[in-house]
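Report on the structure given below.
The values are calculated or read from the model by the stated rules, or taken from the named source; none is laboratory data. Keep in mind that this is a model prediction, so the values were computed, not measured. Every residue, glycine among them, receives a Cβ derived from its backbone with ideal geometry; neighbour counts consider all protein chains shown.
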Amino acid sequence: MTPEDAVRLCRYVKACCPQQAIDELTPLAWADHLADVPYEDAKAAAKEITARQPFVTIAEILAIVRRIRAKRITEAGDLTPPPGTEAEQRTWLALARRRIADGGTVDCDAAYGELKPRYLPDIRELMPAPDRPEETADA
């Protein structure tokens, strides 16, 4: 989160909770504590908090953001890293989980390369085309 994002978040919280004390230093403190948090996740957390109580703390935002990120990782399911050393696979998994937690996606197929055109004739031979009728033994 940038300092500008922290100002926007503080304004949002102040609009939802007029009684919340926010001064000119509040966005700086929030930006410092929420530096690694994407703005959209922090805003979603603030929205959840302001719907149930009149004040918002940084600790509450961080707790909800952790829950949001963990849910994304869980919903993504198991990831299979590309072939490589154990250290390379651990690094790939860590980066993939971080990207998913940030709300992005990981194309596992891209890590292994694309299906090469040279294999297509073999596949066509094994599978009947959808536009032509299957050949029967009587024909």
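Tabulated data
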| quantity | calculated |
| --- | --- |
| Region 35-87 - residue that is of a type in the set (S, T, N, Q) and part of a loop (DSSP other than H, G, I, E, B) and, of those, farthest from C17 (Cα to Cα) | T85 |
| Residue in region 56-69 that is hydroxyl-bearing (S, T, Y), free of Cβ contacts under 8 Å to residues at least 12 places away in the same chain and either touching a helix residue (DSSP H, G or I) at 6+ places or on another chain (Cβ under 8 Å) or in the same structural domain as A6 (by TED's automatic domain parsing) (or both) present | yes |
